[in-house]
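The values are calculated or read from the model by the stated rules, or taken from the named source; none is laboratory data. It should be emphasised that the depicted structure is a prediction, and the values quoted were computed from it without experimental measurement. Note that each Cβ is placed from the backbone with ideal geometry, even for glycine, and that neighbours are counted across all protein chains shown. For the accessible areas, the whole protein counts, side chains as well, though only heavy atoms, and no ligand, DNA or RNA atoms are used. Shrake-Rupley method; radii C 1.70, N 1.55, O 1.52, S 1.80 Å.
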Amino acid sequence: MEKYKFQGAKMSQITLKKIYEILGEKFIISYYQRGYRWTKEQVEQLLEDIWEFSEKNKNENEFYCLQPIVVKNIGDSWELIDGQQRLTTIYLILRFIELKLLRGDSLKNDYGKDIFSIDYEVREGSKDFLLEITKVENNSRSDNNIDFYHISKAYQTIVSFFDYPNKFNRSNLDDLLKILLYRVKVIWYEVEKDADAVEIFTRLNIGKIPLTNAELIKALFLNSSNFANASQEQIRLKQLQIATEWDEIEYTLQKDEFWFFIFDKNNKTFSDKNYDTRIEYIFDLMKKRPKDAEDYFTFYEFYKDLKSKDEDFKSKDIESLWKEIKRFFYTFKQWYENNEFYHLIGYLIATGKDILSIKDEYDRKTKSEFRKYLKEEVYKTIFNNGDSNINKALESIKELEYGRDNTKIRNVLLLFNILILLNNKGANIRFPFDRFKKEKWDIEHVFSQTDIDLKGNALKEYVKLILEFWTGEKVEAKKLDENTVNALEDKLDKSVSKELFRKLVEIYNKDKDAKELFDEVKKELIEAFQEEKIEDRDNISNLVLLDAGTNRAYKNAFFPIKRAIILEKIKSGSFVPIGTQNVFLKAYSKRFDKIMFWTEDDAKDYLDAIIETFKAFFNQRGDKNEQRQ
């Protein structure tokens, strides 16, 4: 039996038990629990799952596992803290089979044990109602008590499901009984005798916080029976070692800068779970948990590792298993601490590469071979496999178009931002994958849209941006009175027409017909901002990475306004990818006479910078004729 600290409190024990093993036990439902409430659909789902399992899994070593039953020993009985609904339903199924298959005789006659009993601390009559359930399928008592009603409905659902003897007969019902008794198991989670049952019940049921795989696996690992031939003191020290190392691993994984380097929820090869206890992610990876796996798949797999009695399955000892877990974690830690591996692996995971395939290559390659492998995988995310000539491959970047090639564009822009940092050996700055993923950065145009089609609040916000940019003042009021307008006009940039300013104020203040007036001043605005039309505004040379918030709020803004907003974000310490910063600072531009405007020449210089950066990375010697190795 396993010993484990439940939520840092009392020591607990955990094991898998066949339904047969809990026959004859006495369970008590305490005052703090509600009555039986499973619906017809929930009862049918359990029956269908067990029946489907019995039909598909003929191997005697396979078993169907129910979710945890949490209990506390109270003398000759068990206080049932969690699992009342499942256990009551199993009880009702057994009572039906007992009636139809054994013609009302007790299971004890054929199987040596009676069905387990369920009693209630405060629900008077419920125990007797359960005992007599086979006699009262339509008993009027079920209409007078909400608990009796739900129990009766569940039993009627069971009767209808089996449809005896039409759908089920003595033969297949007998087969199902054997499956139910010997190949259906519960996760038996026993808390310490002095544990606070109400506190545990509240934790598990208020907000529906179930036991996690990680909690169950920790209990499994700290089982004293894992440490054969050890003294009590040696067992205590071993348990302390695992618990301490567990906490150290979890502490590191809880750091977002580490976690989002190895995890990306949008990566299709990963589980789509939310990992509150992040070490569970490592367990899922080790056991290659499928996305559609049952909730406790990973726990079952580790349980088989340690407890399997299958002669064809070699059990592992706890020390070798724990070392395997630590090796997994320390592999990720080594990647994180190596600046090149951090950036390249982080990029691959962010673009959909399976972390397990990366680890497999790492385990079997030398460091130089692994570095080459990473570059090959990065190359595949940008270029076609057949493009072995780097110059020819790089030319394909120039043809990428927004809308048609968004996935590849996003990869190019992300890699470009990462390589700027990676190629600068003197800089001690890393790409923050946590910020990139949490803030949902995506593609945005540099050059503003001239076909602006806004109305309502969107138009009002757009005009507000322009007024704030021209005056350097915040515009807070929903409508601007004459005093406010005059004050703003005094701050107006001298290059801006007062007449145009007044027209925008009128648009801002209008509740209706604002769009028509705005359409009239569009051309004047474009001239005021000296926007030069970019011929191919959807080309990658006019695209950058911006966070979702900035994208939504400013995507239609003119370049100078976007630039001012980006500079403000940089100034305030917000994360802006270095490549995006450089674009709005015009760091790639060869001319500086139009610092506030985005031109065709700027777009060309930016694209050249992307290509040169890629060339330096994929072709380290910089030889223009060299092919990637």
Between segment 314-390 and segment 60-121, the Cα center-to-center distance that results, in Å: 48 Å
Which trypsin sites (Lys or Arg not before Pro) from segment 482-536 combine a DSSP loop assignment with at most 12 other Cβ atoms within 10 Å? LYS491, LYS494, LYS512, LYS533
Zero-based 5 Å bins, Cα pair distances in segment 353-428, whole percents: 3, 13, 18, 21, 21, 15, 7, 2, 0
Unit charges on C-beta of K, R, D, E only; dipole of segment 446-519, Debye: 80 debye
Counting only protein heavy atoms with a 1.4 Å probe and every protein chain in place, the carbon and sulfur fraction of the accessible surface of the chain in whole percent equals 45 percent
What base-10 log of the normalised intensity I(q)/I(0) is obtained for segment 218-370 from the Debye formula, alpha carbons as equal point scatterers, at q = 0.11, 0.13, 0.21 Å⁻¹? -0.49, -0.68, -1.44
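After finding the eigenvalues of the alpha carbon gyration tensor for segment 374-524, what semi-axes result from the square roots of 5 times each, listed largest first in whole Å? Present the calculation step by step, with values, prior to reporting the outcome.
On the way: eigenvalues 401, 74, 40 Å².
So the equivalent ellipsoid measures 45, 19, 14 Å along its semi-axes.
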Ratio of alpha-carbon Rg to the 2.2 N^0.38 Å globular estimate for the chain, to two decimals, please. 1.32
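Once the Cα gyration tensor of segment 9-69 is diagonalised, what are the square roots of 5 times its eigenvalues, in whole Å and ordered largest first, as equivalent ellipsoid semi-axes? Before the final figure, lay out the partial values.
Numbers: eigenvalues 130, 77, 25 Å².
For segment 9-69, the ellipsoid semi-axes come out as 25, 20, 11 Å.
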Between the helical axis of 456-471 and the dominant principal axis of the chain, each derived from Cα atoms, what acute angle in degrees is found, rounded to the nearest 10? 50 degrees
Using the heavy atoms of the protein chains and a 1.4 angstrom probe, tell me the accessible area per residue for the chain in square angstrom. 49 Å²
Which loop-located chymotrypsin sites (Phe, Trp or Tyr not before Pro) does segment 34-123 contain, where loop means any DSSP state but H, G, I, E or B and the Cβ has at most 14 other Cβ atoms within 10 Å? none
For segment 17-122, averaging the sequence separation of alpha carbon pairs under 8 Å that lie six or more residues apart and dividing by its residue count, the contact order in percent is 46 percent
Range of Cα positions in segment 478-552 per principal axis (Å), largest first: 45, 27, 26
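Based solely on its DSSP helices, what 222 nm [θ] is calculated for the chain when runs of n ≥ 4 H residues each add -39,500 (n - 2.57) and the sum is averaged over all residues, nearest 500 deg cm²/dmol?
Details: 28 runs with 334 residues, N = 629.
One gets -16500 deg cm²/dmol as the mean residue ellipticity at 222 nm.
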DSSP beta bridges in the chain: the antiparallel percent, rounded to 5, is 60 percent
Going by alpha carbons, how many degrees (0 to 90, nearest 10) lie between the helix axis of 355-364 and the longest principal axis of the chain? 90 degrees
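Compare LEU607, LEU237 by solvent-accessible area with a 1.4 Å probe and give them largest first, with all protein chains kept in place.
On the way: LEU607 20, LEU237 85 Å².
Final ranking, largest accessible area leading: LEU237, LEU607.
If we count every other residue with Cβ under 14 angstrom of GLU319's Cβ, Lys/Arg +1 and Asp/Glu -1, where does the sum land? Don't skip to the answer; put the middle values down first.
Details: positive: LYS238, LYS316, LYS323, LYS326, ARG327; negative: GLU245, ASP305, ASP317, GLU324.
Computed value for this residue: +1.
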